[in-house]
Amino acid sequence: MLVKADQAGAVRGARFPGRYIQGAGTIARLGEEARGFGEKAIVLLDNGVFDLLKADIEASFANGPDIEIVRHGGECSEWAIANLAEAARIAGASVIVGAGGGKALDTAKAAARDAALPVIVFPTIAASDAPCSALAVVYNEDGTVAYDTFLPSNPDLVLVDTALIAKAPARFLAAGIGDALATWYEAESCRRSGAFNCMKMPGVPLAYEVARFCRDTVFEFGALALGECDAREAGPALERVVEANILLSGIGFESGGVATAHAVHHGLCELDDVHHHLHGEKVAIGVLAGLKLHGLEEDYERVRQFCLTVRLPTKLGDIGITEATPEKLAIVAKRACRSGEIIHNEPIKVTENMVVEALKALV
Ligand SMILES: [Zn+2]
């Protein structure tokens, strides 16, 4: 990602999920959509929503295809991935369905690759832009991150039930807004520097336009959507924000590229303080740090005000770093700026000291 493309003659690209369907009550379409891939589906259902959704999923498959529901243990580990791929082989499955939060979805995506099967992703929260992506985060059994695994293709279908997302805690939706907020700022940095996207090439112009649309959508509808989520209602604003959090942000980050916000996120994750905070909450802090780093005070203030309206953190203390010691800030900056890291996709040279100064402004 660090090789800067020759702007003029560059080979450019973008990637997308095969299909994307969103609406209230789409859980009822799951069986019908799975049937398009063959006669047997294996469904990996998140532990957290297993009892809540099992009967509705079975009902959705009442007219076929055959279905086997497997309970996801909670981790996307090599063991969980191999286990699901093996279960799919034994069942003679024609498609794998992942239903639930990010780790269940990632397990299903990676197992589908290993079993050479198509995958349907059915997210039940909109807390990050992972569902549409060809990326899975693999964890060790103790819960620490092992590595990112890049999949050869994006999910064949992403089916989103906004009625379910509206009933999930609003904090998840807010975190998804934080992840979506980062998309344009990072893609714009990559566009300006000519840095590579997740396909190891610069994005086509559409990628940056999708990222811009993502940003404009969360700015316009973010606060309203959270109000609808509080009322457990899949209203018009929530529909727009779910599209931004899952589809627009997904395309925007994979095809546009990533930079400071996620690099700072990776740095923050070095501190135990932040472990009870969601990905998108830490990414929002990364966006604010990035704007400070560039000296964009007006944009910083605009985004800070926005974060306050959508319940996102604006200070290090908000994500658990109540004592921002020089040692802690140095650890964050070192990880964020390590060689080959995505922070170097920025159009300016970023140093550890610049990151420390930016973070100090968020104390
Ligand atoms: Zn993210």
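The values are calculated or read from the model by the stated rules, or taken from the named source; none is laboratory data. Predicted, not measured: the structure shown is a model, and the values here were computed from it. Positions of Cβ are backbone-derived with ideal geometry, glycine not excepted, and every protein chain shown enters the neighbour counts. These accessible areas exclude ligands, DNA and RNA; they are computed on the full protein's heavy atoms, side chains included. Shrake-Rupley method; radii C 1.70, N 1.55, O 1.52, S 1.80 Å.
Every condition in (1) in a helix (DSSP H, G or I); (2) away from the ligand (no atom under 16 Å from the Cβ) is met by Ala234 except one, and the failing one is (1). Checked against (1) in contact (Cβ under 8 Å) with a residue 24 or more places away in the chain; (2) assigned to a helix (DSSP H, G or I), Ile90 passes all but a single condition, namely (1).
Can you tell me which of Arg338, Arg311 is more than 30 Å from Ala237 (Cβ to Cβ), of a type in the set (Lys, Arg) and assigned to a loop (DSSP other than H, G, I, E, B)?
Values: Arg311 fails: more than 30 Å from Ala237 (Cβ to Cβ).
So the residue among Arg338, Arg311 that is more than 30 Å from Ala237 (Cβ to Cβ), of a type in the set (Lys, Arg) and assigned to a loop (DSSP other than H, G, I, E, B) is Arg338.
Listed here are the residues, each with its yes/no results for (1) over 30 Å from Arg12 (Cα atoms); (2) assigned to a helix (DSSP H, G or I); (3) within 16 Å of the ligand (Cβ to nearest atom).
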{"site": "Val258", "(1), (2), (3)": "no, no, yes"}
{"site": "Ala261", "(1), (2), (3)": "no, yes, yes"}
{"site": "Glu281", "(1), (2), (3)": "yes, yes, yes"}
{"site": "Gly290", "(1), (2), (3)": "no, yes, yes"}
{"site": "Gly317", "(1), (2), (3)": "yes, yes, no"}
{"site": "Val350", "(1), (2), (3)": "no, no, no"}
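Of all the residues in region 274-319, those that are touching a helix residue (DSSP H, G or I) at 6+ places or on another chain (Cβ under 8 Å), of a type in the set (Gly, Ala, Ser) and more than 15 Å from Ala175 (Cα to Cα) number 2.
Being touching a strand residue (DSSP E or B) at 6+ places or on another chain (Cβ under 6 Å), away from the ligand (no atom under 12 Å from the Cβ), of a type in the set (A, V, I, L, M) and not assigned by TED's automatic domain parsing to the domain that holds Pro155 narrows it down to one residue among Leu268, Leu247; which is it?
Values: Leu268 fails: touching a strand residue (DSSP E or B) at 6+ places or on another chain (Cβ under 6 Å).
Result of the check over Leu268, Leu247: Leu247.
Pairing residues of region 267-292 that are without any contact (Cβ under 8 Å) to a residue 40 or more places away in the chain and acidic (Asp, Glu) with residues that are more than 16 Å from the ligand (Cβ to nearest atom) and not in a helix (DSSP H, G or I), at Cβ distances under 9 Å and at least 6 apart in sequence or on separate chains, gives Asp272/Gly320.
Looking at Glu301, Glu357, Glu352, just one residue is of a type in the set (Asp, Glu), without any contact (Cβ under 8 Å) to a residue 60 or more places away in the chain and surrounded by fewer than 18 Cβ atoms within 10 Å (Cβ to Cβ), and that residue is Glu301.
Scanning region 65-87 for residues that are open to solvent by 10 Å² or more (accessible area, probe 1.4 Å), in a helix (DSSP H, G or I) and without any contact (Cβ under 8 Å) to a residue 40 or more places away in the chain yields Ala80, Ala82, Asn83, Glu86. Every condition in (1) within 25 Å of Arg311 (Cβ to Cβ); (2) surrounded by fewer than 18 Cβ atoms within 10 Å (Cβ to Cβ) is met by Ala234 except one, and the failing one is (2). Out of curiosity, is Ala127 open to solvent by 10 Å² or more (accessible area, probe 1.4 Å), more than 16 Å from Gln22 (Cβ to Cβ) and in the same structural domain as Leu30 (by TED's automatic domain parsing)? So Ala127 does not fit the description; no.
Given the structure, is Ala333 under 21 Å from Asp273 (Cβ atoms) and in contact (Cβ under 8 Å) with a residue 60 or more places away in the chain? Spell out how you get there, then give the answer.
Numbers: under 21 Å from Asp273 (Cβ atoms): yes; in contact (Cβ under 8 Å) with a residue 60 or more places away in the chain: yes.
So Ala333 fits the description; yes.
Within region 205-218, being in contact (Cβ under 8 Å) with a residue 24 or more places away in the chain, under 19 Å from the mean Cα position of the chain (by Cα) and open to solvent by 40 Å² or more (accessible area, probe 1.4 Å) holds for Arg212, Phe213.
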